[in-house]
Amino acid sequence: MDGQFIVSLAIILATFALYIGIAVYNTAKATSDFYVAGRGVPPIFNGMAIGADWMSAASFIGMAGTVMVLGYDGLAYIMGWTGGYLFLTFLLAPQLRKYGRYTVPEFIGDRYDSHSARVIAAVCTIIISFTYSIGQLSGSGVVIGRLFEIDAKVGTMIGVVLIAIYAAFGGMKGITWTQVAQYLILITAYLVPIIFMSLQISGNPIPWISYGEVVGKLGELDRELGISEYFAPFTNGTKWQFLALMFTLMAGTAGLPHVIVRFYTVSTMKAARWSGAWALLFIGLLYLSAPAYAAFSRFILMTQVAGSQISQLPAWTKSWVDTGMLQVADTNNDGILQWSELVIANDIVVMATPEIANLGVFVIGLVAAGAMAAALSTAGGLMISLSSSFAHDIYYRVWKPQASEKNRLLVARWSIVVATLFAGLIALNPPGVITQIVAWAFAIASGTFFPALVLGVWWKRSNTKGVIAGLLIGLAVTLGYIFAAKYGGFTILGIIDTGAGVFGAAAGFLANIIVSLSTEAPAQKLQDEVINLRYPEQMVYKDGEVWMHDGEPKQG
């Protein structure tokens, strides 16, 4: 065993032990602990947990690689995911927290006073969480596969076992504090390599400043090689695809059930807003760094690897070729590796860069631990969201309302184990790269929950029949477009499968509005509850007036 393997393994095992230790220490003993961490998480720590939940394997492993491969066009991922967080923080999170439920399907079921709407929303949550978790488990397979120099499929199954254990044990309470630790590990692991790469390339340790200089140099290299320039817009897709992808990720962010539920873990509306503010700061640290990561990696590959003798390639290339995610072929038989002969998968750029830049065994191990933290933190949150949709919204609220707390926790834990195993089996042969699979989950969320939640919070006329029509039609249109674009070659204005959410959201809004206006209005009590959501917690709306909780009407 080489030194790199021993150091990487030691760091990863230490972090695994930390996560499982936190989960066991914070074992959920009540359903409120399991679903919403007892609603007692301080905003700054909730912001860190949201950051870890949010910065999945797609963000940590896949995003920099996608930007490196796509150049300018890859920025739609960064702009969409960041912009969507503003949607969520200002449009929905405080209002949903004030409503005081455990899950998104529970909000929809109670807001529209309908078990049918609750079950459909729970099924949508399961589909979204399941799709998203396939990307996370695929990412954990990339990391574990490289670490042990084994097939990524075996790595994926190791990740499945780990997630099933710690998500089932701790529930949301354990996951929350595990995610705080995971955020600190993953952000350190992400920033250390780009600071060192920035020093190597420009002598400046601040990557966000040296980034512009490196992008300029990349333009010169591209012109020399006669390839499309790295920062030239819309070379990998149409302008409409860029805008559709950006909208899909924004609207999907605001409708993702496993992210929204994090705002239920704090005590008040004000704490929910502060959680969002802290989360934006913590997320921004990584998202502002991803374009620099991509540019530095591409620059090092173009200047230090391309142009080398095939027989004298660095040792790291063999390790990645063994995983099946790097291809090196001397197609013109000149003995020299050309840039066009190097085929590097999007999903290994972040993992391989510390080796490419020769940053040392500790940094390589740290990045591996950070990547695992990113994949596991999101997968854990997704599995809680998935299990709560089944165990709480379907099993308890619809099927067996008399179920004991012990039985509800048992069903929740077993549903996590079963769902993780199924998602892991699909992740063994994933239907796309990590960022693509994750974009599908966002597209489904933007076609289903985004219209349902926005209209549910801000339009009192939206009724049961409207939300059911919106959810079903939005889901059908989104899934239909994804399959037609990916497998049938069908596109509108060049919008491919990852931009499907723009059509799903339009269909969801139209269906909800048209059906709601064509049918009877909701009960006055439900309409009053919707207006009530717009006011701070100490105020309630009743009898056509806004009242303080102490029983006095609000003056003015």
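Observations, loosely collected:
- Computed [θ] at 222 nm, helices only, for the chain once each DSSP H run of length n ≥ 4 contributes -39500 (n - 2.57): -22500 deg cm²/dmol
- Gyration tensor verdict on the stretch 376-493 (Cα atoms; rounded if a/c is under 1.5, prolate if a/b is larger than b/c, oblate otherwise): oblate
- Label-point gap, in nm, between residue 309 and residue 358 - each point 7 angstrom along Cα→Cβ: 1.6
- The stretch 368-416: C-alpha gyration tensor shape, a/c 1.5 cut-off, then a/b vs b/c: prolate
- From the C-alpha gyration tensor of the stretch 116-257, square roots of 5λ in Å: 35, 24, 17
- Built from the Cα atoms of the chain, the convex hull projects on average onto 26.5 nm², one quarter of its surface area.
- The charge dipole of the chain, taken about its Cα centre with unit charges on the Cβ of Lys, Arg, Asp and Glu (plus for the first two, minus for the last two), comes to roughly 1660 debye.
- Peptides 11-17, 469-475, 225-231 ranked from most to least packed, by the mean per-residue count of other Cβ atoms within 10 Å: 469-475, 11-17, 225-231.
- In the chain, Cα pairs under 8 Å separated by at least six residues give a relative contact order of 28 percent.
- Förster radius 45 Å - calculated FRET efficiency between residue 228 and residue 422 (Cβ-Cβ, nearest 0.05): 0.65
- Cβ-Cβ FRET estimate between residue 151 and residue 213, R0 fixed at 45 Å, reported to 0.05: 0.70
- The Cα center of the stretch 508-527 and the Cα center of the stretch 395-440 differ in position by 31 Å.
- The peptide list 302-308, 207-213, put in order of mean Cβ contacts within 10 Å with the highest first, becomes 207-213, 302-308.
Taken together, the values in this text are just the output of simple stated rules run on the coordinates, not laboratory data. In this text the structure is predicted, and so the values were computed from the model without any measurement. Neighbour counts are summed over all protein chains in view; Cβ atoms, including those assigned to glycine, are modelled from backbone coordinates with ideal geometry.
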